[in-house]
Structures are given as C-alpha cells and as structure tokens.
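One structure below.
The values are calculated or read from the model by the stated rules, or taken from the named source; none is laboratory data. Quick caveat, the model's predicted, so the values are computed rather than measured. Neighbour counts run over all protein chains shown; Cβ positions are idealised from the backbone, glycine included.
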C-alpha cells in the first residue's frame, strides 16, 4: 500500500489522456547498463561520425522513448540534439557489436513501459514522481571560479528527474558525506559537462590546456 502523501497513482494511459500537452514531459527513467552510445555529426566534419555515452533512457508523456546524454551544460534528449556547429543526432550505437539503430532498443522501451505500468505514475498537482539515476559513464562537471580565474573538475554523482519534469545533474558536496548534494542547475560556477575522454585530453594538455580553457570562459 502506498502512503497517502504520495498522491494519486494513475496508469500510463490515463496520465497521457489527462495531461496531454504540446511539450511531452519526462515520466520515467531507466539506467543505461550495456554501453549504448549515440552517434552525431557536425557541420565542420560532416563526413565523420562521433560517439557519445548514454547515461540513461526516458519515457515521455507522449509514449516516446529516448536516450539521455550530457550535452554542453544540460541533460539532453538525444533526438533533440540539432545544432549545425555542435552536432546533430544520427542514431543509437552499440560499439561491442557495431549495431546502429534509428529507434531505441526494444528491450529498453519494454523496460520503461513495464516500470510505468507496475509502479503507476504519481500525480501530485500535475507533477511526476521524482527519480534519481547514478552516473555510470564517468561524466564530469566543469566548474569555473571567475573571481580567482580557476577551473575545477568534479565527478557527477547522479541524474535527477524533478517533480516538475526538469532533468539535471548533481554533485557530491563532500565525497565523505554522500547525503551532501549540490544541484548543478543552480550552481553559479557550473559551465559544462565533460565526458571521460575529454577530461583525459584536458589532463594530458597540462597547465597550458587548463589556462586556455579558463581564458575562453572569461568571455
């Protein structure tokens, strides 16, 4: 039995009917555990495909399913990546088998739909049930202290679906205190998400690379 303060639990079909809206709302998250990535390309190197780790999957209020990736300074739905300079989504990719898909893998769609049907959707003033996913892909947050012209890299602890449907990342405020969490969506020093490979390249570049990046963030 669910406690009364969890709100009224409704089915996925009823939720879609009662909460139809022009912009679909995230309803349910699932972790990515099989090393799936997205493929994207940009206008500078249009003949080349790039791969980016997926951190999770999301079921939307219109019934669609998409991958979630840290993109620039936000947690982004893969199919919404459409920028001529930074990149355009091209598909889902499993490097171990070189499988390329135009649609999310069917087992992940079934997982999300089954979870939504099993748990129901918690309707509290037209909000959804919050969720948290641990970061499993080695994502880092780039922080910039403008007062001291200083960069800092911190590992992302988890990804959050808020009751209002917002998606964002969080950091541990203190690695020794797991309950102390910083919300990156309101962190004044947060600038970008960086993936493990980008962090490795930055570290290999040493002080020169860090100083160049810090200088670029001043403007």
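Specify the residue that is modelled with the lowest pLDDT; the eligible residues are those in the range 128-138 that are buried (at least 16 other Cβ atoms within 10 Å of the Cβ) and within 15 Å of residue 167 (Cα to Cα).
128
Answer yes if at least one residue in the range 71-79 is surrounded by 13 or more Cβ atoms within 10 Å (Cβ to Cβ) and touching a helix residue (DSSP H, G or I) at 6+ places or on another chain (Cβ under 7 Å), and no otherwise.
The answer is no, given that none of the residues of the range 71-79 is surrounded by 13 or more Cβ atoms within 10 Å (Cβ to Cβ) and touching a helix residue (DSSP H, G or I) at 6+ places or on another chain (Cβ under 7 Å).
Identify, please: which residue in the range 113-127 is out of contact with any strand residue (DSSP E or B) (no Cβ under 6 Å at 6 or more places or on another chain) and in a loop (DSSP other than H, G, I, E, B) and is, among those, modelled with the highest pLDDT?
It comes out as 126.
Out of the residues in the range 70-105 that are over 30 Å from residue 217 (Cβ atoms) and assigned to a loop (DSSP other than H, G, I, E, B), state the one that is nearest to the chain's Cα centre (by Cα).
104
Can you name every residue in the range 158-195 that is surrounded by 14 or more Cβ atoms within 10 Å (Cβ to Cβ), under 22 Å from residue 214 (Cβ atoms) and at pLDDT 85 or above?
169, 171, 184, 187, 189, 190, 191, 192, 193, 194, 195 - these are the residues of the range 158-195 that are surrounded by 14 or more Cβ atoms within 10 Å (Cβ to Cβ), under 22 Å from residue 214 (Cβ atoms) and at pLDDT 85 or above.
Suppose we filter 34, 66 for residues that are touching a helix residue (DSSP H, G or I) at 6+ places or on another chain (Cβ under 6 Å) and more than 20 Å from residue 198 (Cα to Cα); which single one remains?
Working: 34 fails: touching a helix residue (DSSP H, G or I) at 6+ places or on another chain (Cβ under 6 Å).
Of 34, 66, the one residue that is touching a helix residue (DSSP H, G or I) at 6+ places or on another chain (Cβ under 6 Å) and more than 20 Å from residue 198 (Cα to Cα) is 66.
Could you tell me which residue of the range 39-58 is surrounded by the most Cβ atoms within 10 Å (Cβ to Cβ), considering only residues that are over 13 Å from the mean Cα position of the chain (by Cα) and part of a strand (DSSP E or B)?
By that ranking, first place goes to 40.
Regarding the range 147-157, can at least one residue be identified that is surrounded by 14 or more Cβ atoms within 10 Å (Cβ to Cβ) and not assigned by TED's automatic domain parsing to the domain that holds residue 197?
no
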